[in-house]
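Peer 1: Next up is a structure, given as C-alpha cells.
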Amino acid sequence: MNFLKGEILYIDKPYRWTSFDAVKRLRSVMLRRMGIKKMKVGHAGTLDPLATGVMIIVTGKSTKLIDTLQSGIKEYIATIALGATTPSFDLETEIDATYPTDHITRQQVEEVLKRFTGVIEQVPPAFSACKVDGKRAYKMARKGKEVELKPKVLVIDEIELLEFSQTSIKVRVVCSKGTYIRALARDIGEALGSGGHLTALQRTRVGDVTLDRCMSIDEATDMLNNVEVEMPEEYSA
C-alpha cells in the first residue's frame, strides 16, 4: 500500500470512539510503518461517538476525494426511545422530560414516518458541530448557553419501521448528506406527541460502501502492521 499516494480504508467505527479517535489510531500505525512524522489522513463523514458503523478513512492524496465520498447516500439503523427527551437528543445527556406513550400505535408510527420522507427541513441539534458566529454549537451547548440554529433542507429517501413497541421503535433510514438522525428522533417523537431520543445508531452504508465491507479497528490495525508498504522515491534511501 502507498499511503502517501493515497489509500481508502473502510472501517466499522467502535462505540464511544470519536471519528478523530479512529483516524488518530490508524494514522499513528501508518506513520510508524513509514518512519515519517507527518501525513494527511482524514475521513468522509463524521459519526457521533455513540454511533457505530461505516466510516471511510482516506490517506495522502486521496484526501482530495473526501467531498465526493461523503456526498453519497447514507443508510442508518436507528433505535428511538419514546416517552422521554434529552437536550442532546441521544444518550449523551440525561433525560429532561417524560411523556405518556399509551396512545401510540404501530399504524400511527407508520403514518408519522411518511411525513419525514422526501424533501424536509430539519433544525440541527444544539449538540452538533454546526457553527454559530464562528463557534461550534456543541461547545456552547455544553456550557449551558442557548444555541439557535437555522433549519436545513434535506432529502430522506426512505424510512422503514423495523420494530415497534409503545416505548421504542427501530427504523431504517436512507438519507442525504447532512442529516442528523438525532434530530430526526426528536422530530418523530414530537410528531407522536410523546417526545423521543436516540438510544442506538449504526451507519450501514455510505454510497456503495456497506458494513460487510468494513474492518474493525483491530482488524485494520493488524492489516496496516503487516501489509507491504510502498514509499515514494523522494522518501527512498
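Nothing in this text is a laboratory measurement; each read-out follows from the coordinates by a stated rule. Keep in mind the model is a prediction, meaning the values are calculated, not measured. Every residue, glycine as well, gets a Cβ built from its backbone with ideal geometry; the counts of neighbours run over all protein chains shown.
Peer 1: Given the convex hull of the Cα atoms of the range 136-219, what is a quarter of its surface area in nm²? Mind showing how you got there, number by number?
Peer 2: Values: hull surface 33.0 nm².
Average projection, Cα convex hull of the range 136-219: 8.3 nm².
Peer 1: Expressed as cubic angstrom per residue, what is the convex hull volume of the alpha carbon set of the range 171-213?
Peer 2: Details: hull volume 3.2 nm³, N = 43.
Roughly 75 Å³ of hull volume per residue.
Peer 1: Tally Lys and Arg at +1 and Asp and Glu at -1 over the other residues with C-beta under 12 Å from the C-beta of G207: what net charge comes out?
Peer 2: +3
Peer 1: For helix 19-34, what angle does its Cα long axis make with the longest principal axis of the chain, in degrees from 0 to 90 and rounded to 10?
Peer 2: Value to nearest ten degrees: 10.
Peer 1: Another question, if that's okay. If you find the alpha carbon centre of the range 50-68 and of the range 98-112, how far apart are they in angstrom?
Peer 2: Using only Cα atoms to place each centre, the spacing works out to 37 Å.
Peer 1: For the range 74-205, what does the relative contact order come out to in percent, with C-alpha contacts under 8 Å and a separation of six or more?
Peer 2: Working: 284 pairs, mean separation 56.5, N = 132.
Averaging sequence separation for qualifying contacts and normalising by length gives 43 percent for the range 74-205.
Peer 1: Here's something else I'd like to know. Convex hull volume of the Cα atoms in the chain, per residue, in Å³?
Peer 2: On the way: hull volume 31.2 nm³, N = 237.
Dividing the Cα hull volume of the chain by its residue count gives 132 Å³.
Peer 1: Would you calculate, for the chain, the mean residue ellipticity at 222 nm contributed by helices, counting each DSSP H stretch of 4 or more residues as -39,500 (n - 2.57) and dividing by all residues, to the nearest 500?
Peer 2: Numbers: 6 runs with 57 residues, N = 237.
Counting only the DSSP helices, I get -7000 deg cm²/dmol.
Peer 1: Now for a separate question. Return, ordered by residue number, the residues of the range 149-181 whose backbone nitrogen is under 18 Å from a label point located 7 Å along Cα→Cβ of Q107.
Peer 2: Answer for the range 149-181: 161, 164-166.
Peer 1: Okay, moving on. For L149, project a label point 7 Å along Cα to C-beta. Then give me every residue of the range 41-75 with its amide nitrogen under 14 Å of that point.
Peer 2: 46-49
Peer 1: Using the basic label-point model (7 angstrom from Cα toward the beta carbon), what is the E163 to N226 distance in nanometres?
Peer 2: The answer from the label model is 3.4 nm.
Peer 1: Okay, next question. Quick one: P(r) of the range 51-181 from all Cα-Cα pairs, 5 Å bins, percents rounded to integers, in order of increasing distance.
Peer 2: The percentages, shortest bin first, are 2, 9, 14, 17, 20, 18, 11, 5, 2, 1, 0.
Peer 1: Follow-up. For the pairs K40/K170; K38/K150; K5/K74; K64/K139, flag any whose C-alpha to C-alpha distance is greater than 31 Å.
Peer 2: Details: K40/K170 37 Å; K38/K150 38 Å; K5/K74 27 Å; K64/K139 28 Å.
Pairs exceeding the cut-off: K40/K170; K38/K150.
Peer 1: Report the calculated FRET efficiency for M1 and K177 (r = Cβ-Cβ distance, R0 = 25 Å), to the nearest 0.05.
Peer 2: Efficiency, rounded to the nearest 0.05: 0.35.
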